[in-house]
Each structure stands twice: as C-alpha cells, then as structure tokens.
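Here is the structure we will look at.
The values are calculated or read from the model by the stated rules, or taken from the named source; none is laboratory data. Because the structure is predicted, anything quoted here is derived from the model rather than measured. So basically every Cβ, Gly included, is an ideal-geometry build from the backbone, and we count neighbours across all protein chains shown. Heads up: the accessible areas ignore ligands, DNA and RNA and are worked out on the full protein's heavy atoms, side chains in. Shrake-Rupley method; radii C 1.70, N 1.55, O 1.52, S 1.80 Å.
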Amino acid sequence: LKCGISTDSTRPVPGFQSPPSLGCNAVHPAAADWRSEVPPPHQDRELEEDQELEEIRLKDYLAKKESGQLFVTAKQRQLEEALVPERLSETPDGVLRFGQTVMLLSQQSKGYLSINPYDQVAKDYPAFMLTTSLNDQPAVRNSFIIERCDENDGFDDDVVHYAQLFRVVMAPFGSKLQGPTYLHSEMVTALAAAKFSRHQEVTALAAPSGETKWQFLYPDVRLRLEMEGEPVPAGSPLAVRHVQTGSFLASDEIPYANIFGSEMEVHCFAYQSLNKTQNLVGEKKGDITGDVPLRRQGLPNIWTVRTATHDGE
C-alpha cells in the first residue's frame, strides 16, 4: 500500500462510481434517438408509390373532367338533354287533333308518361323504358305527338275519335334518340315483362308496327259502346287500349328508380272491379250481349290528355 492507494484492482475505491456498462452491442441513447427518426428503406418506397398513385388519379380526373366523362358531369348532361322545355299544343275548341303535342297524366300515380332514353331494352329495334314522373313541366321526355295510323279509317276530319287507331310518337332528342320512337307493348313472355309487376311490358320502340297501335276509349264501360266515334275532348279522363293485345295502358304506385329519381312503373294490364255485374241477367233480358264489358275500369287504367289550354287537373 503506497500513498493510501490500493493496488488490488478488485477492491472498489471509496467514493468512486464507475460508469454503467453498455455492453458490446449497446447503442448510446443519443444515437438511438437519431436512428428512430430515419425511416426504413421500405417505407420510403411505399411513400413514393402512394405519391405516384395520387398523381395518376389526379391526371385521370382532369382528363375526364375536360372530356366530360365524369359521372357527375355525364349525369348532368343527360338531365339537361332530357329536360329541355317543350311547348304543348293548344286546343281552343276543346277536342284533340292529330299532330298535336300533349302529355299523358296517370290518375293513379299522379305522374306524367315519360321516356328514359338512357335505359335501353333489348328488342329487334332500339327500345327505351317508360315511367310516370311527378315532374309536371312540359319537356322533351314527357311530351308526345298523336299520330294517325290510317288516313282511310272512316273519319274525314283530323279530330281524334273514340276507338280510332293512332300512335303515340316521341320526337328525337339528345344523343340517344336519333329518330322518332313509338309507344309499344307486346304479350308477356319469359323475356318480355314489366320489371316489377311482371305485367305486359311497355316501351318506346324505334319502329312503327302493329304493336304500336292504340285506341282512346270512354272511361265508363256502360257508355263506352255508345261513345265510339265521338270526338275525344282534351283534358278529360279516358282509357288507352292496346289494339293487338286488348290490354290497357296502366301506371300504379310501383317505385322505379332511375337517373331522374324515384318514378312509377308503366305497364299494360286490365284493372277492373271485382263486384258482380249481373251479366247473365242482362243477356237473358236481351238488354246486353256477351261482348259488352260491364266491370268498371280501375283507376290505374285512367289517363288524362293534357294540352296547353286543358290540363285536366
């Protein structure tokens, strides 16, 4: 022992504290903090890929916006095409005439017959779905022209008569309807039926045929036979009969969603009352014959032809 200092290395010196051992693989705390701030290489690659994807999405968005292919832009263009205002024909004498532009109002759904040119149906010719819309403003999608089927049908004037054959024509408009289309229906088959009710399908067909012929009938079946051949007054209720199938144009409160919102389905079906009509008693007395209908026509079959001067509401 010299100068009070021990030469034994195993003996601790009083008052002296050795630094903590870090070990061979230990990292200084300051160095550990610095390493934690530097992201691993795989995170850098992920950030770069995310940035590239965002740039690609932005370029696609700008390109679609300039070309008008964005869903919102395309829908807005479709609505603008189909909702162009239309002018209805005036009926100063109170009767319907061929060549007039009118609207058809369903008394059941309280909607106007309207075409959807963006809902196409598979037929031999281009065909489009029809609905009834609550939009009461005359537009190109809910305005129709009454066209005469045969000039030699026994009537000398251009007035529309009960039971006279006619076609309902939609004038072309927009990018989808390149030519006139006609109110059309056909018998129910496995491939042709209304979407929801499964009744007789009604469409707008781009070709006139025997399946595009219709008749206006007096709504009261008790006076229907007597009213045949009489002029059809504008703005009055009536029934629209499909000539080839004998069914009646109808619209019920069956929601049909499309780009115009929630509308109502259009189909052909004979809605009639279920009460007893005493047909056999009348036939026995000779008052009626078997071909005279006596069941009251249901409200889904009742329509009103609206013109500029007779709205029928």
Per residue, how much accessible area does segment 60-219 show when a 1.4 Å probe rolls over the protein heavy atoms, in square angstrom? 48 Å²
Taking the Cα-to-Cβ direction at Gln272 and at Glu48 and moving 7 Å from each Cα, how far apart do the two end points lie in nm? 7.9 nm
Measure off 7 Å from each Cα along the Cα-to-Cβ vector at Asp220 and Leu58, then give the distance between these two points in nanometres to one decimal. 7.3 nm
Percent of accessible area on segment 107-237 owned by carbon and sulfur, 1.4 Å probe? 50 percent
Please compute the length gained on full extension between Ala193 and Glu253, using 0.36 nm multiplied by the number of residues separating them and subtracting their Cα-Cα distance. 19.9 nm
Got a number for the accessible area of Asp153? Probe 1.4 Å, square angstrom, nearest 10. 50 Å²
Pairs of Cα atoms under 8 Å, at least six residues apart: use those to get the relative contact order of segment 153-231, whole percent. 37 percent
Kindly provide the pair-distance distribution of segment 44-162 built from C-alpha pairs, with 5 Å bins from 0 and whole-percent values in order of increasing distance. 2, 9, 11, 12, 14, 11, 10, 7, 5, 5, 4, 3, 2, 2, 1, 1, 0, 0
Order these peptides, 144-152, 230-238, by their mean beta-carbon neighbour count within 10 angstrom, highest first. 230-238, 144-152
Sorted by packing (mean other beta-carbon atoms within 10 Å per residue), highest first, where do 124-134, 93-103 land? 124-134, 93-103
